[in-house]
C-alpha cells in the first residue's frame, strides 16, 4: 500500500463541515463492509433534497418503468424506450406483471445532472472525502446517484452486491445510502457482515439472490446487521461487494432514499463487459452508464475530466 493511502486510513478524518470518522470506525468498515454515520447532513438539506426528489419522481415516472422492464427482461433500455409496446406506464406494468407480481422499488438515476441541490451533494467535498477515507484511495470518481422510491406494499429487495451491476473491474466502490424519510426499526437496509471478503460466493454462484444464505458458514442471523432506525441526516455506507437487502415496505408510507456511489479513480471498465451475452454482470444499472460506456475502452484508464463519471477533487488538507 502506498504511503499516501496509509495516511488516508490512519489519519484522514473527513474534513468538510468538521465531520470526523474515528480510526476505530474506519477499521470497523474495513472488517465488516458497512457502517452507519450519524448526523452527517443538516435537516434543512434533507428537506430540500426530499422536495427535489419528489418533483423528479412526478416528472420521470415513465422512464423508470421502462428501466424496470429493461432490467427484468434483460433487453437494452434503448430498445424498450423506442418500442411502442412500452410507451405508457400501464403497458410497462402489464408487460412484467406475469414475470414479477410485485417489484421491490422504482429507481431514478443521476439526478445530479438535472438538479443543483443534488449536484452540490454528489460533487462534494463532504461525500467524496468520506469515500476517500473509507476506500483508502486518494482519487475518487463519481459513478452515479440513484433515487430509490419504495412505495407501501412494495416487495422485498433481494440479496445482491452493487459491484456486480457496474461495468468496473475493481474492489473499491462505496455507496452512501441517505434516507430522505425517517427509517423505523427493521425497515432499512440489511447487510451481511464480512460478505465483501467472501471471494468464493460470487466466484461460484452467479445469482446470490437465489441461495439459502442461512446454510452458508458465517451467514447466520448473528451476522446480519441492521442499522435502523435511522434519523434524517444520518446515513449508511457499504462496500461494493457487501451483500445487502431490504424488507418489504409495511410502513404505510413512501420510503425515499438517495444512494450515491463512488469508485476508485483508477478503476477501469472490465474486459469483455460490452459483450452482453458473455459478461457475467447484471444490467440493472444500464440506464446510468449507457450514454458514456460506448466511448470508454475496456481495461484502460478513464479520463479524469470525463463529464459523466468525473474525478471529484477535494482538499484533504482543509
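Every number in this text was worked out from the coordinates using simple rules, so none of it is lab data. Computed from a predicted structure; not experimentally measured. So basically every Cβ, Gly included, is an ideal-geometry build from the backbone, and we count neighbours across all protein chains shown.
List of remarks:
- A straight chain from residue 306 to residue 39 at 0.36 nm per residue would run longer than the Cα-Cα distance by 92.9 nm.
- Stokes-Einstein diffusion coefficient of the chain, Kirkwood radius over Cα pairs, 4 °C, 1.567 mPa s, in µm²/s: 64 µm²/s
- Order of 157, 175 under a 10 Å beta carbon neighbour criterion, fewest first: 157, 175
- As a rough footprinting exposure proxy, the listed residues 135, 165 were ranked by other beta carbons within 10 Å of their own, and the order from fewest upward is 165, 135.
- Segment 112-227: Cα Rg divided by the 2.2 N^0.38 Å rule of thumb: 1.21
- Contour minus Cα-Cα distance for residue 186 and residue 90 (0.36 nm per residue): 31.4 nm
- For the peptides 299-306, 176-183, the ranking by packing is 176-183, 299-306, with the highest mean count of neighbouring Cβ atoms within 10 Å listed first.
- Each Cα pair under 8 Å and six or more residues apart adds its sequence gap; the mean of these over the residue count of the chain is a relative contact order of 27 percent.
- Over the C-alpha atoms of segment 110-159, the Rg to Rh ratio, Rh being the Kirkwood estimate, stands at 1.10.
- Mean ellipticity per residue at 222 nm, deg cm²/dmol - from DSSP H runs of n ≥ 4 across the chain, formula -39500 (n - 2.57): -7500 deg cm²/dmol
- The chain: most fluctuating residue of 209, 132, 34 per GNM, C-alpha cutoff 10 Å: 209
- Cα convex hull, segment 209-318: 215 Å³ per residue, rounded to a whole number.
- Going from the residue with the fewest nearby Cβ atoms within 10 Å to the one with the most, 313, 36 rank 313, 36.
- Just checking the listed ones, 129, 44, 30: in the Gaussian network model of the chain with Cα springs under 10 Å, the one fluctuating most is 44.
- Mean Cα-pair separation over length for segment 113-264, i.e. relative contact order, pairs under 8 Å, 6 or more apart, %: 46 percent
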